[in-house]
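Here is the structure we will look at.
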Amino acid sequence: MQRVNFHKPQALYDVAATRLLEQQAQQALPPHTLMSRAGLAVAKLALAVAPHAQRIWVAAGPGNNGGDGLEAAMHLHQWGKTVVVTWLGAQNEARVPADALASLVRARAAGVPFAKVPPAGFDFAIDALLGIGGASRPAAAADPTDLLGRWLALLRTSQQPVLTIDIPSGLDADTGASIAPELIAGRALPSRDGARFTLSLLTLKPGLFTAAGRDLAGQVWWDDLGVTPAPALAPDAWLLGQDRAGPHPRAQAAHASHKGSFGDVAILGGQSSPQAATHMSGAALLAGRAALHAGAGRVFVALLGGAGLTVDPQQPELMFRSPEALDLKAQVLVCGCGGGDAVAGVLPRVLSGAQAAVLDADALNAIAADTQLQTLLRARQGRAYRTVLTPHPLEAARLLGSSVAMVQANRLQAARQLAEKFGCVVVLKGSGTVIAAPDQVSAINPTGNARLATAGTGDVLAGMVGARLAGGQTAFDAACSAVFQHGQLADDWPACHPGQALTASALAENHQADL
């Protein structure tokens with residue numbers, strides 16, 4: 001058993017692959033072995049994360065996830081803990097799986113107390129209601145008048161520590177979509193690293209790390225139960241690891257390097273429209289500053305709409321050019337940050353001529369509204385041009401002709417659809433950012449937090465991706481590295497800058513600032 005710490009990439013397996021692995025293990029092992037191992041692992045972790053808990057509520061469902069909970073309750077009871085089990089299978093024991101029924105018999109024989117209602121004053125809870133099969137029971141789980149719904153609501157809103165077995169009940173293990181999302185929407189849940197824990201069994205699941213998964217799962221642990229997936233069992237996605245942070249591009253460069261050794265980035269955006277009283281130059285400047293601090297050799301800024309800026313006093317290294325003066329073949333184009341309506345007029349040239357491009361914000365909106373631009377974007381793959389799209393869920397929905405709700409319901413699928421549709425790398429931003437590419441296993445980013453939910457941080461990310469492309473990385477590697485580091489800066493922020501709010505400007509300028 002180990003805590004998932006992101007030091008190295010981790011394979012993520014969907015429910016179908018996990019079920020197959022479980023079946024293969026059950027055929028090779030004596031009966032009840034997996035459930036016995038699972039229950040013991042849960043009990044050990046409960047003692048480790050809440051050693052002083054006095055009254056433990058085990059909320060057990062009627063299936064095998066409930067069986068794991070019954071096994072854990074038996075061990076905790078035998079170790080002297082006060083344990084109370086509420087079990088949903090009592091009304092129809094004939095339908096309880098054989099494995100779970102065996103655990104029920106063992107728990108009863110050990111004298112584990114059972115009750116019809118959760119114990120008053122519990123100070124630790126174990127969620128063993130639904131497990132990876134929970135997505136198939138949305139109606140009952142979402143109904144607060146149903147017993148399952150009431151217990152789920154109590155677990156979701158509890159201020160006491162909660163340990164979930166395998167997957168938080170009501171969370172889709174494949175997608176991270178949540179049953180009864182109103183129970184977490186706008187609510188200040190207990191600290192992800194303090195009061196919520198998940199022990200994932202056999203495999204790590206994608207849904208733990210994207211959409212609602214990170215809030216509901218909290219601190220994730222993993223126990224493979226002594227079972228190793230066969231090489232033929234392909235992961236559904238990869239969780240990015242610390243290797244993506246890597247050294248600063250200049251940390252291991254040759255002594256005889258010069259600015260040309262690290263590539264050129266050009267930022268095209270920042271529309272200024274005096275008539276409409278809108279000025280978006282700041283978005284382009286943020287992207288430019290981020291690219292510079294992320295290691296690009298030179299950064300050019302081309303503002304749209306006739307903006308009068310010719311120098312950035314806070315970052316005089318940025319060089320200003322007209323859009324027409326950009327060298328699309330030699331420079332990595334970061335296009336769309338604050339581009340407004342004017343960006344649509346320059347996109348045909350960018351899509352046709354830029355050999356490496358990051359398309360963000362208004363560039364994506366313009367492409368979503370214009371089928372000719374979409375055709376030009378798709379054609380880039382055939383020319384072996386490197387292209388990264390960086391949409392947030394609304395921009396992704398526009399590109400797919402879908403809705404935000406549909407995108408968020410299956411973020412991995414939405415990112416893959418975009419990657420296949422346009423033949424490029426896609427960074428679907430949000431909790432558990434997804435990086436997808438055609439014919440490649442997708443990745444989920446584990447870094448980042450709500451400090452990034454402020455204006456301009458997306459522009460910073462686009463600039464960071466551009467710098468990585470300028471340094472020679474593939475589009476997929478550049479996206480993965482930049483996304484991981486972007487989130488890691490936010491994770492490290494409190495320790496590095498106590499009492500200082502994280503803004504996009506500070507994020508851009510503190511990239512690898514220790515080097």
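The values are calculated or read from the model by the stated rules, or taken from the named source; none is laboratory data. Model, not experiment: these values are computed from the prediction. In this analysis, Cβ positions are derived from the backbone assuming ideal geometry, glycine residues included, and neighbour counts consider all displayed protein chains. Remember, those area values only see protein heavy atoms, side chains included, never the ligands or the DNA or RNA. Shrake-Rupley method; radii C 1.70, N 1.55, O 1.52, S 1.80 Å.
Side notes on the structure shown:
- Once C-alpha pairs closer than 8 Å and six or more residues apart are averaged by separation and normalised to the residue number of segment 391-446, the relative contact order reads 29 percent.
- The portion of the accessible surface of the chain made up by carbon and sulfur, rounded to a whole percent, is 53 (1.4 Å probe; DNA, RNA and ligands excluded).
- Chain lengthening between residue 256 and residue 384 when straightened (0.36 nm per residue, less Cα-Cα): 43.0 nm
- Among the listed pairs 81/205; 259/329; 8/429; 81/116; 44/205; 329/429, those with a Cα-Cα distance over 26 Å are 81/205; 329/429.
- For segment 396-515, the per residue solvent-accessible surface stands at 35 Å², with DNA, RNA and ligands left out and a 1.4 Å probe.
- Under a model in which nothing but the beta-carbon of Lys, Arg (+1) and Asp, Glu (-1) is charged, segment 19-122 shows a dipole of about 200 debye around its Cα centre.
- Entry note, the chain: relative contact order of 13 percent, from Cα contacts under 8 Å with a spacing of 6+ residues.
- Amide H contacts under 5 Å for residue 305, placed H, 5+ residues apart: 272
- Loop-resident sites, segment 413-511, for chymotrypsin sites (Phe, Trp or Tyr not before Pro), counting at most 13 other Cβ within 10 Å (DSSP): none
- Accessible area in square angstrom per residue, segment 224-365, 1.4 angstrom probe: 43 Å²
- Take every DSSP beta bridge whose two residues both sit in the chain; close to 20 percent of them are antiparallel.
- If you plug the beta carbon distance of residue 324 and residue 8 into 1/(1 + (r/R0)^6) with R0 = 60 Å, you get a FRET efficiency near 0.85.
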